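Only one structure is covered here, and it is reproduced in the block below.
Read-outs throughout are calculated quantities, based only on the coordinates presented, and are distinct from any laboratory measurement. Remember, predicted model here, so these are calculated numbers, not experimental data. FYI the Cβ positions are ideal-geometry reconstructions off the backbone, even for glycines, and counts take in every protein chain you see.
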Amino acid sequence: MFDFIFFFNSVLLGVGLAMDAFSVSIANGLNDPHMSLKKALSISGMFAFFQALMPMIGWLLVHTLLGFFDAFGKLIPFIALALLGFIGGKMLYEGVTQREEKREEKPLSLLLLIAQGIATSIDALSVGFTIADYTFLPALVSSLIIALVTFGICFVGVKIGERVGQHFSSKATIIGGAILIFIGIEIFVTSVF
């Protein structure tokens, strides 16, 4: 079971699933261009955690409550759109209403980071179908590989956002909010249509 194809597929799943979290990581870096290393690692770790958790929940649902998962799966794009739209809209509002000289970097709260983690990883529940033929241990290993890939990609995203945010600090909140709204719309459109 643990052959090259297994690891290769797990890495590819990780890359594919991490793209939304990567974009949100950029937005977080834009919003805080002087972010500490600890905070950047925390953001990356939170996204990695949810990218590992969701496939395992999906795997568990496939093996226990398949009918429930089918019904819940239809709600995933709506939940992602609502969460990312709300967070992005709030950032847009704050960016537009704050005057540049009064702009202060707002710390990313744990609750907001959890909401971002859920919103960007909820589509990873469907990976439970992809890994449904695995026994528990291979499913867990695959999820951990997905988490490692996500962690690395998100850390790079935060750093990119930080660098860009240093140059565009007056508009960083607006750009970050627009990115989150766009990601929510993209998840919704690609899943529903």
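Computed values, structure above
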| read-out | value |
| --- | --- |
| Exposure proxy order (Cβ contacts within 10 Å, fewest to most) of ILE43, ILE122, ILE174 | ILE174, ILE122, ILE43 |
| Unit charges at the beta carbon, dipole of segment 1-96: most positive-side option, GLY14, PRO33, PRO77 | PRO33 |
| Extension gain, ILE114 back to MET1 (0.36 nm per residue minus Cα-Cα distance, nm) | 37.4 nm |
| Value of [θ]222 nm, deg cm²/dmol, for the chain, DSSP H segments ≥ 4, -39500 (n - 2.57) each, nearest 500 | -27500 deg cm²/dmol |
| Length gained when the stretch PHE193-THR135 is fully extended (0.36 nm per residue, less Cα-Cα span) | 17.6 nm |
| Magnitude of the charge dipole, segment 4-192, Cβ model with Lys/Arg +1 and Asp/Glu -1, debye to 20 | 360 |
| Once the Cα gyration tensor of the chain is diagonalised, semi-axes √(5λ) in Å | 32, 19, 12 |
| Packing-based exposure ordering (other Cβ within 10 Å, fewest first) of LYS90, LYS38, LYS159 | LYS38, LYS90, LYS159 |
| Which of VAL192, VAL158, VAL62 has the fewest Cβ neighbours within 10 Å, and the rest in rising order | VAL192, VAL62, VAL158 |
